[in-house]
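Below: one structure, written as structure tokens.
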Amino acid sequence: MAGSSGGNGGLAAAIVRHRGWIAAAWIAAGVVLLPAAGRVERTLDVGARIRGSESAAVEEALARRFVSPFARFAVLVVSGVPAPDAPEGRAALEHVVAGLGAIPGVARCLSYLDAQDTLFRARAADGTFVLCGLDSRRGPADALIPGLRTATSAIAAGLAPEHPGIALRWTGEAALNFDLRRTSSAQAQQAERRALPLTLALLVWAFGAVAAAVLPTVAGMLAIALSLGAAVLISARWPLSLLLQNVVTMLGLGLGIDYALLMVSRFREARAAGAAPVQAAEAAVGQAGHTVALSGAAVAIGFAALLVVPLNELRSVAVGGLLVVTASVLLATTLLPSLLVWLGPRVDLGRVRRPVGSAGGIWQRWGRWVARRPGTVLVAAGAPVLALAVQATRLDTGLPRGDWLPPAMESARAVHALQAMGRSGVIQTVRVILELPDGVTAGSRAGWEATRRLSDALAADARVAGVRSLPVLAGAQWRPSATAFTRQDVRRTFISDDRDAALVEVLPHESVAASELARLVRELRGRDPAALTGLPGTTLKIGGLPAFNADYEAAVRGRFAGVVALVVAGTLVALFAGFRSVLVAVKAVLLNLLSVAAAFGAVVLVFQDGLGAGLLGLERPLSGVFPVVPILVFCTVFGLSMDYEVFLVARVAEARRAGRDEAEALAEGLARTGGVITSAAIIMIAVFGAFVLGDFLLIKMLGFALAVAVLLDATIVRLAIGPALLRVAGRWNWWPAHPGACPVPQSPPRRSSVSPDGGTLPQAEHRCYNSAP
């Protein structure tokens, strides 16, 4: 069994003794990191990247080998003006295109003015759209979006007197990525503002005093600000995604407050037992510091495993998680004890009520009841959780069907306008690069015919509305001068400079869902290029937004099993090192897996089946839950679920070292931690619930899954199933601890002590108990 050894006591005393230097170090860190945190939205990347993916290779090839002005493009949707074949509509479009040509970052524009293609005419509404190639030399495409919007706002203002309803809105992959990340950032800040007042009120309720409640709140806010500041500094060398901000905000409020709550509870417990502020702070660090560090290690393992996934978003989440866990642990174990010593008896200032005091006796009676009837508890508590966990087998990790974009985003409104025109498929264009064999060029008869056959094969697919390639645009059979009279920008768009490759663009039907287009990409990648082109030695590379979605899903799914194995193995090692018990570590991991599965089951019932979906602002059930949700929820929940396990088992282990038998140790552990665990869980649920209220579906799902996981874990799993399993295992819980490994207690034994909930608990005379089975 692990506990507060003499080494821990020496470290605790050193931390409290050098509290002035420690406070100075934190002030210095704040001077460096807090100003940087204010730059987080301007610094972190808003785009998603998949290192080494085929879709990324296609984008790179179009920019470098084809030197195509449309290698990266955005779509400007022009609404509130007549169709471009009407004189007024044409004049308005000419004004817009002329203005676009003067915008830095726009390489070239393609519209109804270039070729009176019916693609640019709305089927059932006025308006049109312009394809704008983006200059790759000016950095990431999404970084150009703010400048483009500023410029087109001025263009729209100039046309407003003649067309009062005009609207110029940007969409496409770059604009959607930009808006989604910005929206997630804004909603993280809104959720933080919603959660903080409620969190503070819950802490006042739990502690019964304003001063004691303020400390954990300040710790959580500091953990967020310092972590975001550190992320900004790291991003100077390693680009990080703005999604990091959501994770840091969620966990900073949750973990930062949880760990600080535990430390303040232990300090007040020691003070109630008669210790002076310095000694109480040492006891808090010595007793709770080990628990906080072990819990933080378990959470960190979950986020560290995300580093193996080659997605900049998930790696950014991993960095954010590691930063905020580290900050939360260090704040709770170093800075907070200094503040507690300084406050001393003033920690109870602003007392408004007794703490959740009588709960200590309730939890102790519950522990004794569980100790007497562990089998009954296991059946009654385990059955509903297992039934919910079974639903996780139906989890669909594909992209949701329908309109799930936040409606306030400009790019989402532009997509809706394209849908009204019957042209939204343009942003889902699949881009196929045909690599020709040695000795064959795109302009030769063999290369031309291979491109034409590929175009015909793709056009025959029921999911495809149209195909664009040089043979299709030329509308003629091959001839020696087939490419000679083609416009240079068109030729460079569809034929590479070395003439060894050709581009075929596939425009899907409006009604085809994003998940079905990703399936189309996977099917194309699995087909024989020679059979499609009639030319042996050819290869295909597939890009575009549907290919990006397919690569994203493959990157996550392909590494999910490896991430699970890393997290489970790392957690087992950390728990065995912390508790020196095989069974405690294995039981904790199995219970964590149960909590994760139950959270997934709840996601299936609500988001896929629609049970209670209206309460979350959803109009209808969804077909999928995003590929990234399972891996993010697993890694986050697995670490968070360990908090309460560590809190409880550490106190049971303390009681065993103090001489309690298994039943009494269980009752005392529950009495000392039941109130802390439920208070911490209520706060965590409030934090995650604040993220459910936004309209960004991905963040809504994450907040819901995490809130459900914490609710189940802190009630049924850790306070019923876990204690019952501890009782069933008996002394085997602590194997292979040696009978002589009983550590010396931190403080002299006392006849009684006060629980963090205010209840008085008998304290046995200390003796080493033979804990080996």
So D258 ticks every box in (1) within 24 Å of I699 (Cα to Cα); (2) charged (D, E, K, R); (3) open to solvent by 10 Å² or more (accessible area, probe 1.4 Å) but one. Which box is left unticked? (3)
Considering region 682-705, residues that are part of a helix (DSSP H, G or I), in contact with a Ser or Thr (Cβ under 9 Å, 6 or more places away or on another chain) and open to solvent by 10 Å² or more (accessible area, probe 1.4 Å), and then whichever is modelled with the lowest pLDDT, we arrive at L698
Index of the failed condition, A29 passing every other in (1) within 30 Å of L331 (Cα to Cα); (2) under 26 Å from the mean Cα position of the chain (by Cα): (2)
Identify the single condition in (1) over 30 Å from G220 (Cα atoms); (2) touching a residue at least 24 places away in the same chain (Cβ under 8 Å); (3) among the hydroxyl-bearing types (S, T, Y) that S185 does not satisfy, given that it satisfies every other one. (1)
Residue check, V625 against (1) in a helix (DSSP H, G or I); (2) open to solvent by less than 30 Å² (accessible area, probe 1.4 Å), all met but one. Which one? (1)
Is one or more of the residues making up region 298-320 buried (at least 21 other Cβ atoms within 10 Å of the Cβ), of a type in the set (V, I, T) and assigned to a loop (DSSP other than H, G, I, E, B)? yes
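Mind listing whichever residues of region 531-555 are over 19 Å from T397 (Cβ atoms), of a type outside the set (V, I, T) and either in contact with a helix residue (DSSP H, G or I) (Cβ under 6 Å, 6 or more places away or on another chain) or open to solvent by 30 Å² or more (accessible area, probe 1.4 Å) (or both)? It would help to see each step written out before you state the result.
To start, the set of residues in region 531-555 that are over 19 Å from T397 (Cβ atoms) comprises 531-544.
If we keep only those that are of a type outside the set (V, I, T) as well, we get 531-532, 534-537, 540-541, 543-544.
Once the filter is applied, which keeps residues that are over 19 Å from T397 (Cβ atoms), of a type outside the set (V, I, T) and either in contact with a helix residue (DSSP H, G or I) (Cβ under 6 Å, 6 or more places away or on another chain) or open to solvent by 30 Å² or more (accessible area, probe 1.4 Å) (or both), region 531-555 yields A531, L532, G534, L535, P536, G537, L540, K541, G543.
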For region 583-593, what are the residues that are closer than 11 Å to V637 by Cα and buried (at least 22 other Cβ atoms within 10 Å of the Cβ)? N592
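Name the single residue, out of those in region 74-94 being more than 24 Å from L545 (Cβ to Cβ), in contact with a helix residue (DSSP H, G or I) (Cβ under 7 Å, 6 or more places away or on another chain) and crowded, with 19+ Cβ neighbours inside 10 Å, that is modelled with the highest pLDDT.
The initial filter retains those residues of region 74-94 that are more than 24 Å from L545 (Cβ to Cβ), namely 80-94.
Filter once more, keeping what is in contact with a helix residue (DSSP H, G or I) (Cβ under 7 Å, 6 or more places away or on another chain): 81-84, 92.
From what's left, crowded, with 19+ Cβ neighbours inside 10 Å: 81, 84, 92.
Numbers: V81: 88, P84: 86, A92: 91.
Applying the filter and picking the extreme gives A92.
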Those residues of region 189-241 which are assigned to a helix (DSSP H, G or I), open to solvent by less than 20 Å² (accessible area, probe 1.4 Å) and not aliphatic (A, V, I, L, M), in sequence order: T199, F207, P216, T217, G220, S227, G229
Those residues that are modelled with pLDDT of 85 or more and over 25 Å from R138 (Cβ atoms), I need them from region 150-187; list them, please. L159, A160, P161, E162, H163, P164, G165, I166, A167
Would you be able to say whether some residue in region 556-571 is within 14 Å of L294 (Cβ to Cβ) and crowded, with 21+ Cβ neighbours inside 10 Å? yes
Tell me which of these R169 doesn't satisfy, since it passes every other one: (1) in contact with a Leu (Cβ under 7 Å, 6 or more places away or on another chain); (2) assigned to a strand (DSSP E or B). (1)
Output for region 545-573, where each listed residue is at pLDDT 90 or above, among the small types (G, A, S) and touching a strand residue (DSSP E or B) at 6+ places or on another chain (Cβ under 7 Å): A547
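What residue, among those in region 242-274 that are part of a loop (DSSP other than H, G, I, E, B) and aliphatic (A, V, I, L, M), is farthest from L343 (Cα to Cα)? Before you say what the answer is, go through the steps one by one.
Initially, region 242-274 is screened for residues part of a loop (DSSP other than H, G, I, E, B), giving 242, 273-274.
From what is left, the residues that are aliphatic (A, V, I, L, M) are 242, 273.
Details: L242: 37, A273: 17 Å.
Ranking the candidates gives L242 first.
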Qualifying residue in region 609-617 (condition: within 16 Å of K700 (Cβ to Cβ), in contact (Cβ under 8 Å) with a residue 40 or more places away in the chain and open to solvent by less than 10 Å² (accessible area, probe 1.4 Å)): no
Considering only region 429-446, state which residues are outside any loop (DSSP other than H, G, I, E, B), open to solvent by less than 40 Å² (accessible area, probe 1.4 Å) and modelled with pLDDT under 90. none
Restricting attention to region 706-720, does a residue exist that is under 19 Å from F600 (Cα atoms), small (G, A, S), modelled with pLDDT under 85 and open to solvent by less than 10 Å² (accessible area, probe 1.4 Å)? yes
Region 188-244 - residue that is at pLDDT 85 or above and of a type in the set (S, T, N, Q) and, of those, farthest from F691 (Cα to Cα): S235
For region 95-118, does any single residue satisfy the condition of being closer than 26 Å to L545 by Cα, in contact (Cβ under 8 Å) with a residue 60 or more places away in the chain, among the polar types (S, T, N, Q) and outside any loop (DSSP other than H, G, I, E, B)? no
Filtering region 98-114 down to residues that are buried (at least 20 other Cβ atoms within 10 Å of the Cβ) and more than 39 Å from the chain's Cα centre (by Cα) yields Y112
Only residues that are open to solvent by 30 Å² or more (accessible area, probe 1.4 Å) and at negative phi: list them for region 46-62, please. R49, R51, E54, A56, A57, E59, E60
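Look at region 447-460 and say how many of its residues are open to solvent by 40 Å² or more (accessible area, probe 1.4 Å) and either farther than 14 Å from I495 by Cα or among the aliphatic types (A, V, I, L, M) (or both).
4
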Test: residue in region 1-15 that is at pLDDT 85 or above, exposed (fewer than 14 other Cβ atoms within 10 Å of the Cβ) and either within 34 Å of the chain's Cα centre (by Cα) or under 30 Å from S581 (Cα atoms) (or both): yes
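The values are calculated or read from the model by the stated rules, or taken from the named source; none is laboratory data. Note that the structure is predicted; figures quoted are calculated from it, not measured. Positions of Cβ are generated from backbone atoms using ideal geometry, with glycine treated the same way; all protein chains shown enter the neighbour counts. In case anyone asks, the SASA skips ligands and DNA or RNA and just uses the protein heavy atoms, side chains included. Shrake-Rupley method; radii C 1.70, N 1.55, O 1.52, S 1.80 Å.
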